[in-house]
Amino acid sequence: MPTVTSFTRIKSDDAEGTVKNLKEAKKIIEKHGAEFLRVSRFHTGPWIGDWLVVVRFPNREAHGKWPGDGPQHHRRHRSLTTS
């Protein structure tokens, strides 16, 4: 069965705060069935300094259980990416 992978680019100049928030997000997201959350940073190109967050779910059912696309998503996303 194919996996579901989500890519998100985050703009933040606060590396320490971003890492702290993403560590918290990793616990929450994996609790909801994600296989992993990976973070990297762009070092060249137009997105230099931005963060790339990759979340992979094992299947559509697990992804469907993640409340990240529900009505509270934007507020929660803002709280995880803002320090």
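Every number here is computed from the coordinates shown, using simple stated rules; none is lab data. Small disclaimer: the values here were computed from a predicted structure and weren't measured. We place every Cβ from the backbone using ideal geometry, glycine too, and count neighbours over all the protein chains shown.
Worth a mention:
- Computed from the C-beta positions of ARG60 and ARG38 and an R0 of 22 Å, the FRET efficiency is 0.65 to the nearest 0.05.
- Applying the Karplus relation 6.51 cos²θ - 1.76 cosθ + 1.60 with θ = phi - 60° to region 5-13 yields 3J(HN,Hα) values of 10, 10, 10, 9, 9, 10, 9, 6, 8 Hz, where x marks Gly and Pro.
- For ASP50, the residues whose modelled amide H falls within less than 5 Å of its own, excluding neighbours fewer than 5 places apart on the same chain, are PHE42.
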